[in-house]
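The values are calculated or read from the model by the stated rules, or taken from the named source; none is laboratory data. It should be emphasised that the depicted structure is a prediction, and the values quoted were computed from it without experimental measurement. Virtual Cβ from ideal backbone geometry, glycine too; neighbours counted across all protein chains shown.
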Amino acid sequence: MLYFIEQLNKLSTSFCVFPMILLLGGFLTWKLRGLQFHGLKLGFNLMLQNKLDDSSSKANEVSSYEAVAGILAGNFGTGNIAGMAVALACGGPGALVWVWLAALLGAIVQYAGSYLGSKYRKPEGNTREFIGGPIACLAFGMRKKILAGFFALFTIMTAFCAGNCVQVSCIVPLCAEGTAGKLLVGILLALVVIPVLAGGNNRILRFSARVIPFIAGFYCISCGIILFQHASAILPAIKLICSSAFGIKAGLAGIGGYTLSQVISTGINRAVMATDCGSGMVSILQANTKSKNPVVDGLVTLVPPVIVMVVCSITMLVLIVSGAYSSGAQGTLMVMSAFKNSLGSLGSVIVILAMALFGYTTILTWFACAEKSLQYMIPGRRANLWLKAIYVLIIPLGGVIDMRMIWALSDTGFSGMVILNCIALIALLKDVLSTNRDVALLKERECSVADPVRNLDA
């Protein structure tokens, strides 16, 4: 069964997920005139403007800034630290170039998904919360409730596997050895998750808005210190990244075709997994934003992929200039080696803290996605309580169970999310292509976030 799932994942990733994101991203970049480039500043300004207006948010609403923080909390998982080490080991330094290319194309897909998810969102029964994201696009935009149900199932699967168990499996081994010790760390992690989880979706996003800037800043400053120590090696590292991106040396050895394919595949894989572009996770988290303008919701989502890619790039440079890349270490151990070689024992503490905090916020954010998905499938408080209980109980197991099946199911769930989300985007493409006028008006008039440019449902 495991072998079958892994082979199915390889096929779906190679022939569906990557092509859909790259082709759709390229088409949208052309039709929207490179919006991910010229609209980035506007998206950043709208996000900051909304942060200043946080005090006006109602209890059932979140600001665009809080939604972006939640997006980053989901992106900055343990995989974004250890993941760059994996990319370096599997695809070489050149993978970073393809990470950036895929992330920039994925960003415009993310914009389209956020716009549509906000446009078609609907209230959840008698509550003041909304169902948004790909579920709303599939159920209310395309009127395909069966596909919306499948998307919700894939989201819950991904949340339990990638958002929960995978994060725990990366954190626990850094803190303890042996089954008993790992279980104890898992139990402690579950206990600190409960208070935030109990407050629901909006509390998770508000918590993320408070802690993510400090965690990311702390990690980037630490990386900056290491880069400063090895300043003379930065330029050679950049040259190595650029020359490796197209397999120049490997081409001279006669194996360029395979090597280039490996570099590109690794880079695209890391970009998609690091930014969640194409999965629809972003627009799920935006369902309760107070903005009434779907274009604004879309524009602010251009910011997270760039921030994530900057952090990934800094991590890659640290791994190369510190010598950890050539140490033979893999994954988390390569990152640990880079920090320990440069900062001594303090470096190990920094890596453990960063991975623990990033993993913690990722666990919370993916639960928010699972909660929204379950509310669409089974409305009601009882189902939600069962979801919280099961999600928390699984946390201690993440550090001790065999992860191969968990990774396989994570890939299956994520691929399912991407494929269904892209189907919705293609079906509703006409709506997205009409937003050029709205972006131009936003730039020209510098509208308030609270004031829609026009009736976008017309």
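Give just the number: which of (1) farther than 25 Å from Phe339 by Cα; (2) touching a residue at least 60 places away in the same chain (Cβ under 8 Å) does Leu188 not satisfy? Unmet condition: (2). Gly79 meets the conditions (1) over 19 Å from Asn421 (Cβ atoms); (2) modelled with pLDDT of 80 or more; (3) in contact with a Cys (Cβ under 9 Å, 6 or more places away or on another chain); (4) of a type outside the set (Ser, Thr, Tyr) in every case but one. The failed one is (2).
Quick one: how many residues across segment 12-32 are over 16 Å from Gly278 (Cα atoms) and surrounded by 12 or more Cβ atoms within 10 Å (Cβ to Cβ)?
Start the filter on segment 12-32 by keeping residues that are over 16 Å from Gly278 (Cα atoms), which leaves 30-32.
With the extra rule that they be surrounded by 12 or more Cβ atoms within 10 Å (Cβ to Cβ), the set shrinks to 31-32.
Selection size over segment 12-32: 2.
Being surrounded by fewer than 24 Cβ atoms within 10 Å (Cβ to Cβ) and polar (S, T, N, Q) is the filter; apply it to segment 102-148 and report the residue that is farthest from Glu371 (Cα to Cα). Among those that are surrounded by fewer than 24 Cβ atoms within 10 Å (Cβ to Cβ) and polar (S, T, N, Q), it is Asn126. For first residues located in segment 388-412 and farther than 14 Å from Gly178 by Cα, partners that are acidic (Asp, Glu) and at pLDDT below 90 and lie 6+ apart or on another chain with Cβ distances below 6 Å form the pairs Ala408/Glu6.
In this structure, does Gly344 turn out to be over 21 Å from Pro213 (Cβ atoms) and either without any contact (Cβ under 8 Å) to a residue 60 or more places away in the chain or among the aliphatic types (A, V, I, L, M) (or both)? So Gly344 passes the test.
Residues Ser291, Ser279, Ser222: which one is under 29 Å from Gln110 (Cβ atoms), part of a loop (DSSP other than H, G, I, E, B) and either in contact with a Phe, Trp or Tyr (Cβ under 8 Å, 6 or more places away or on another chain) or modelled with pLDDT of 90 or more (or both)?
Details: Ser291 fails: either in contact with a Phe, Trp or Tyr (Cβ under 8 Å, 6 or more places away or on another chain) or modelled with pLDDT of 90 or more (or both); Ser222 fails: part of a loop (DSSP other than H, G, I, E, B).
Every option except Ser279 fails the conditions.
Within segment 158-184, being more than 21 Å from Gly83 (Cα to Cα) and either in contact with a Phe, Trp or Tyr (Cβ under 6 Å, 6 or more places away or on another chain) or modelled with pLDDT of 95 or more (or both) holds for no residue.
For segment 320-354, filtering for residues that are over 13 Å from Ile225 (Cα atoms) and of a type in the set (A, V, I, L, M, F, W, C) leaves 12.
Checking the condition at pLDDT below 75 and in contact with a Phe, Trp or Tyr (Cβ under 8 Å, 6 or more places away or on another chain), which residue from Gly257, Gly267 passes? Give the steps one after another, and end with the answer.
Working: Gly257 fails: in contact with a Phe, Trp or Tyr (Cβ under 8 Å, 6 or more places away or on another chain).
From the options Gly257, Gly267, the qualifying one is Gly267.
Every condition in (1) within 19 Å of Leu189 (Cβ to Cβ); (2) crowded, with 19+ Cβ neighbours inside 10 Å; (3) at pLDDT 90 or above; (4) under 22 Å from the mean Cα position of the chain (by Cα) is met by Pro396 except one, and the failing one is (4).
For segment 272-287, the condition of being surrounded by fewer than 24 Cβ atoms within 10 Å (Cβ to Cβ), of a type outside the set (Val, Ile, Thr), closer than 24 Å to Phe367 by Cα and touching a helix residue (DSSP H, G or I) at 6+ places or on another chain (Cβ under 7 Å) holds for at least one residue.
Counting only residues that are of a type in the set (S, T, N, Q) and under 18 Å from Cys90 (Cα atoms), which one in segment 323-354 is surrounded by the most Cβ atoms within 10 Å (Cβ to Cβ)? The residue in question is Ser337. Restricting to segment 1-53, and then to whatever is of a type in the set (Gly, Ala, Ser), more than 19 Å from Arg445 (Cβ to Cβ) and assigned to a helix (DSSP H, G or I), can you tell me which residue is modelled with the lowest pLDDT? By that ranking, first place goes to Ser14.
Being under 30 Å from Lys430 (Cβ atoms), of a type outside the set (S, T, N, Q) and surrounded by 14 or more Cβ atoms within 10 Å (Cβ to Cβ) narrows it down to one of Phe207, Phe246, Phe151, so name that one. Working first, answer last.
On the way: Phe207 fails: under 30 Å from Lys430 (Cβ atoms); Phe246 fails: under 30 Å from Lys430 (Cβ atoms).
Within the list Phe207, Phe246, Phe151, the selection yields Phe151.
Yes/no matrix, rows are residues, columns are (1) free of Cβ contacts under 8 Å to residues at least 60 places away in the same chain; (2) surrounded by fewer than 24 Cβ atoms within 10 Å (Cβ to Cβ); (3) not in a helix (DSSP H, G or I):
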position: Pro305; (1), (2), (3): no, no, no
position: Leu317; (1), (2), (3): no, yes, no
position: Ala356; (1), (2), (3): no, yes, no
position: Tyr360; (1), (2), (3): no, yes, no
position: Thr365; (1), (2), (3): no, no, no
position: Ala383; (1), (2), (3): yes, yes, no
position: Trp386; (1), (2), (3): yes, yes, no
